[in-house]
Amino acid sequence: MKRCEVVVTGVGMITPWGTTAETSAEGWSARRAVGRRALEDLRDTSFAGAQVATLPEFDAAQRLGERRMLKFMSDAAVIGCVAAREASTQAGLKGRFRPERVGLYAGAGLAAASVKDSYPIIRESIDAEGRFSCRLLGSRGLASTNPLLSFKILANMPACLVSILESVKGPNYIFTPWEGQTASALEEAWNAVADGEVDCALAGAADYPTHPSTYVFLRQSGLLCEGEFPAAAAAYLALERRETAARDNRPILAEIGEMSVVECNDGPHDPLSALMGRSFAAAPAVLLALASRTEVASVFVSGVDGQAFHAEVRRPRCNA
Amino acid sequence: MQRVAITGFGVVSPIGVGREAFWASLAEGRSGIGRIGRFDCSTFEVQLAGEVKETIELPEEIAGVASADPKVGFAWSACVEAMAQAGLRELNSRTLLHLGTSLEVFDLSQVVREGRPDFQAIADPRPSDGPRRFQIPLDTAVRLIAARLGRPGRALTNCSACAAGAQAIGHGFRGIRHGRWDVAVCGGFDSMINPLGVGGFQLLGALTTSNDRGQRACRPFDASRNGTVLGEGAAVFVLEPLEKVLAEGKEILAEVCGYGSTLDAHSLSAPDPEGDGAARAMQAALDDAGVAPDAVAHINAHGTGTPLNDKVEAAAIRRVFDGLWDRIPVSATKSMTGHLIAAAGAVEVGACLLALVRNMMPPNPSLERVGQGCELNHVTGRADCFEGEYVLSNSFGFGGQNATLVLRRHNGSK
């Protein structure tokens with residue numbers, strides 16, 4: 001089978017450095033340390049002083065041109081959709097390709113609904129002896145719950161929201177929850193474009209590991225070391241063949257010459273962690289997006305799942 | 001491109017643990033749906049589910065996790081059965097391990113301390129609290145399987161809701177066909193039969209509250225259908241290149257020959273009313289298999305028993321199989337198993353194997369009167385004889401992800 005050259009024509013990012021690809025790339029290039037905040041909910045626990053990276057504020061409704069869908073969105077879904085919109089818009093995805101010929105390949109992080117969202121259910125479900133009761137959950141707890149909570153904790157929802165907002169109707173995969181899984185999603189996208197299975201792929205990930213319960217889980221599982229801090233981030237890339245970019249006279253941001261996912265027994269390695277924090281499932285997509293916007297030529301990240309992602313990114317030989 | 005053989009199948013389901021028990025129940029039209037026994041559901045509107053009742057023997061470290069998250073044990077058991085049938089002793093660097101599942105288990109009772117929700121309960125558990133497993137990540141089963149059965153070249157966890165199991169099989173099929181892997185161990189596992197799982201689906205209005213219907217509460221395509229019933233379990237398959245399997249003289253259960261994957265891009269909770277995404281998935285799978293619609297002799301429908309989904313799927317089947325649909329028998333096995341969510345697609349591929357290996361199409365025993373718009377050539381009552389060559393299995397996910405697989409009877413020759 002003839003494999004075609006794959007190029008990047010759109011990049012979208014939300015990182016602690018900035019809420020666009022441009023501002024994120026600027027922060028990365030300048031090696032700027034990001035802002036951090038303490039997790040107040042853990043103040044009275046053994047994790048007192050725990051810090052997470054802060055995301056700059058942005059108006060998601062304005063960025064998406066959509067307010068109604070926000071009520072279905074988890075925090076991860078919001079940043080994923082905004083990043084995907086930026087990539088899709090830059091690539092001019094809508095109108096250039098038949099939606100059925102555009103694929104969606106995504107990584108999703110740990111389910112990271114705020115435990116506080118579930119406090120009303122818990123309060124209503126505690127019996128006279130101070131214990132959680134299934135009977136009370138059925139009779140009172142569920143009634144106190146926002147039915148939309150389910151949409152916020154199902155792992156496929158952030159990517160499905162991207163498909164709805166960007167009218168992507170083609171082949172798709174969503175892998176979870178660590179770096180290696182996103183790496184596989186990116187590789188699937190690259191292969192699908194190179195092999196002609198799709199004309200364009202929207203590929204990326206969103207992870208929001210900064211909720212207190214997620215922080216506690218990561219620390220207790222040894223997946224986040226003392227001194228490390230988690231960061232919410234999202235990145236999406238629009239990949240297509242060189243010939244379609246040339247046909248439509250679209251600026252090429254980068255060429256992806258090689259991509260692979262391999263076993264790695266050397267422990268996690270995330271070049272972003274010291275400056276931006278650990279964004280786990282988002283990290284491979286953020287690194288690939290940064291490489292597509294800056295002079296970085298080689299991307300390497302290995303995850304807590306023992307799988308490493310490697311990509312060679314080249315400056316465009318000529319513009320389209 | 002290589003042809004792809006199924007050489008191993010393992011299953012855990014509400015109608016039987018192990019493929020022989022599962023196939024026997026399907027053939028008899030036996031339902032595994034009943035009143036929930038795993039937790040006190042007496043105050044829930046929804047009180048029915050398809051639970052796995054049998055005790056499954058598990059290694060100690062898997063049993064420990066499975067006590068908090070039963071689906072992890074189901075995945076292990078199905079995986080071991082499938083690998084044993086395929087004569088596969090271990091996973092290695094040329095093996096893909098890819099399982100689909102849906103939702104992390106959160107045990108809200110663990111956030112309670114001294115009568116109120118308190119972060120300290122999970123951050124600083126007391127020795128008297130016992131083992132704490134507030135959150136169990138979705139890759140836990142894959143990680144534990146790899147730890148005990150050998151590290152695969154790639155270990156993937158797919159979270160594409162009700163399409164996840166079928167997607168994992170489709171991905172494994174493509175990986176073998178293109179020579180990326182020598183062996184694919186793939187399928188799905190799930191259980192949402194816990195207070196939050198049942199409660200969450202109850203809030204969404206997706207489940208039937210007709211608890212008095214008992215075993216026949218899940219009624220795909222029936223006029224009286226009013227919601228699905230949750231099920232639980234796992235199904236895992238071993239896929240290998242057909243040529244290699246023939247050379248080794250191993251048994252071939254069937255071939256996977258086509259896969260289609262699409263998105264509705266319409267709504268998070270409802271299918272595209274025109275069934276466009278579903279129809280495109282079926283057409284893409286047929287095209288991928290190089291098979292004309294008139295070659296398909298049996299369809300295992302997604303058939304959830306919800307009013308809208310069944311109507312849309314029936315319309316999509318009629319559209320793809322225009323002029324043929326009244327001659328193609330359609331099964332809907334969720335009538336017996338309940339909806340296994342991320343495991344559904346994989347378990348239903350296992351049901352398709354009943355047709356291809358044992359020449360019997362499973363029925364939809366709860367179908368009494370076909371609902372308006374659900375007109376298809378339904379298999380009702382008991383299993384029917386099957387002699388055809390190609391079978392199609394549909395899986396359509398919450399969120400708008402659709403996956404269709406085409407299987408082929410293996411006739412023993414190249």
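Details
- Residue list for region B:113-130, filter: surrounded by fewer than 22 Cβ atoms within 10 Å (Cβ to Cβ) and either within 10 Å of chain A (Cβ to nearest Cβ) or on the phi > 0 side of the Ramachandran plot (or both): B:Arg113, B:Glu114, B:Gly115, B:Arg116, B:Pro117, B:Asp118, B:Phe119, B:Gln120, B:Ala121, B:Asp124, B:Pro125, B:Gly130
- Residue list for region B:93-112, filter: in contact with a Pro (Cβ under 9 Å, 6 or more places away or on another chain), facing chain A (nearest Cβ under 8 Å) and within 21 Å of A:Gly222 (Cβ to Cβ): B:Glu104
- Matching residues, region A:112-127, being touching a residue at least 60 places away in the same chain (Cβ under 8 Å) and of a type outside the set (D, E, K, R): A:Ala112, A:Ala113, A:Ser114, A:Val115
- Scanning region A:300-314 for residues that are part of a strand (DSSP E or B) and either of a type in the set (Ser, Thr, Tyr) or surrounded by fewer than 24 Cβ atoms within 10 Å (Cβ to Cβ) (or both) yields A:Phe300, A:Ser302, A:Ala308, A:His310, A:Glu312, A:Arg314.
- Selection count, region B:356-381, where residues are touching a helix residue (DSSP H, G or I) at 6+ places or on another chain (Cβ under 6 Å) and at positive phi: 1
- Taking region B:391-414 as the range and being surrounded by fewer than 24 Cβ atoms within 10 Å (Cβ to Cβ) and modelled with pLDDT of 95 or more as the test, the residues that pass are B:Arg408, B:Arg409.
- Taken as a whole, the condition of being out of contact with any Cys (no Cβ under 6 Å at 6 or more places or on another chain) and under 30 Å from B:Gly175 (Cβ atoms) does not apply to B:Phe106.
- Residues within region B:370-411 that are among the small types (Gly, Ala, Ser) and without any contact (Cβ under 8 Å) to a residue 40 or more places away in the chain, tallied: 0
Let's see how each residue does on (1) at positive phi; (2) crowded, with 22+ Cβ neighbours inside 10 Å:
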position	(1), (2)
A:Tyr215	no, yes
A:Ser221	no, no
A:Tyr236	no, yes
A:Glu240	no, yes
A:Ala245	no, yes
A:Asn249	yes, no
A:Asp270	no, yes
A:Leu275	no, no
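- Scan of region B:223-251 for residues that are under 21 Å from the mean Cα position of the chain (by Cα) and in a strand (DSSP E or B), ordered by number: B:Thr228, B:Leu230, B:Gly231, B:Glu232, B:Gly233, B:Ala234, B:Ala235, B:Val236, B:Phe237, B:Val238, B:Leu239, B:Glu240
- Candidates in region A:63-81 are the residues that are on the phi < 0 side of the Ramachandran plot and free of Cβ contacts under 8 Å to residues at least 12 places away in the same chain; of these, the one that is surrounded by the fewest Cβ atoms within 10 Å (Cβ to Cβ) is A:Arg68.
- For region A:65-143, the helices (runs of 4 or more DSSP H) that sit wholly inside it and include 2 or more residues that are under 30 Å from A:Ala185 (Cβ atoms) are A:75-91, A:93-96.
- Qualifying position, being more than 27 Å from A:Ile174 (Cβ to Cβ), assigned by TED's automatic domain parsing to the domain that holds A:Leu224, surrounded by 19 or more Cβ atoms within 10 Å (Cβ to Cβ) and out of contact with any Gly (no Cβ under 8 Å at 6 or more places or on another chain), among A:Ala50, A:Ala60, A:Ala33: A:Ala50
- Considered as a group, the residues in region B:17-64 that are small (Gly, Ala, Ser) and free of Cβ contacts under 8 Å to residues at least 24 places away in the same chain include one that is farthest from B:Ala86 (Cα to Cα), and that residue is B:Ser42.
- When B:Thr55, B:Thr7 are screened for being on the phi < 0 side of the Ramachandran plot, of a type outside the set (A, V, I, L, M, F, W, C) and outside any loop (DSSP other than H, G, I, E, B), only B:Thr7 passes.
- Looking across region B:274-301 at every residue that is more than 14 Å from chain A (Cβ to nearest Cβ) and small (Gly, Ala, Ser), the one that is surrounded by the most Cβ atoms within 10 Å (Cβ to Cβ) is identified as B:Ala301.
- Residues of region A:164-181 that are part of a helix (DSSP H, G or I) and facing another protein chain (nearest Cβ under 7 Å): A:Ile164, A:Gln181.
Yes or no, residue by residue, for (1) in contact with a Phe, Trp or Tyr (Cβ under 9 Å, 6 or more places away or on another chain); (2) closer than 15 Å to A:Ala232 by Cα; (3) modelled with pLDDT of 95 or more:
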position: A:Glu26; (1), (2), (3): yes, no, yes
position: A:Val34; (1), (2), (3): yes, yes, yes
position: A:Asp41; (1), (2), (3): yes, no, no
position: A:Thr45; (1), (2), (3): yes, no, no
position: A:Gln51; (1), (2), (3): yes, yes, yes
position: A:Phe58; (1), (2), (3): no, yes, yes
position: A:Ala61; (1), (2), (3): no, no, yes
position: A:Met69; (1), (2), (3): no, no, no
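- Only a single criterion out of (1) touching a helix residue (DSSP H, G or I) at 6+ places or on another chain (Cβ under 6 Å); (2) farther than 22 Å from B:Gly16 by Cβ is not satisfied by B:Asn411, namely (1).
- The set of residues in region B:207-221 being within 13 Å of another protein chain (Cβ to nearest Cβ), in contact with a helix residue (DSSP H, G or I) (Cβ under 9 Å, 6 or more places away or on another chain) and either more than 21 Å from B:Thr43 (Cβ to Cβ) or not β-branched (Val, Ile, Thr) (or both) consists of B:Leu207 alone.
- Only one of B:Ser335, B:Ser366 that is closer than 26 Å to B:Ser267 by Cα and of a type in the set (Gly, Ala, Ser): B:Ser335
- Each residue in region A:132-163 was checked for being more than 7 Å from every other protein chain (Cβ to nearest Cβ), surrounded by fewer than 19 Cβ atoms within 10 Å (Cβ to Cβ) and of a type in the set (Lys, Arg), and 1 of them qualify.
- Residue count for region A:167-187, restricted to those that are surrounded by fewer than 24 Cβ atoms within 10 Å (Cβ to Cβ) and of a type in the set (D, E, K, R): 1.
- Per-region count, region B:362-388, residues farther than 17 Å from B:Ser31 by Cβ and of a type in the set (A, V, I, L, M, F, W, C): 5
The values are calculated or read from the model by the stated rules, or taken from the named source; none is laboratory data. These numbers were taken from a predicted model, which means no experiment stands behind them. Positions of Cβ are generated from backbone atoms using ideal geometry, with glycine treated the same way; all protein chains shown enter the neighbour counts.
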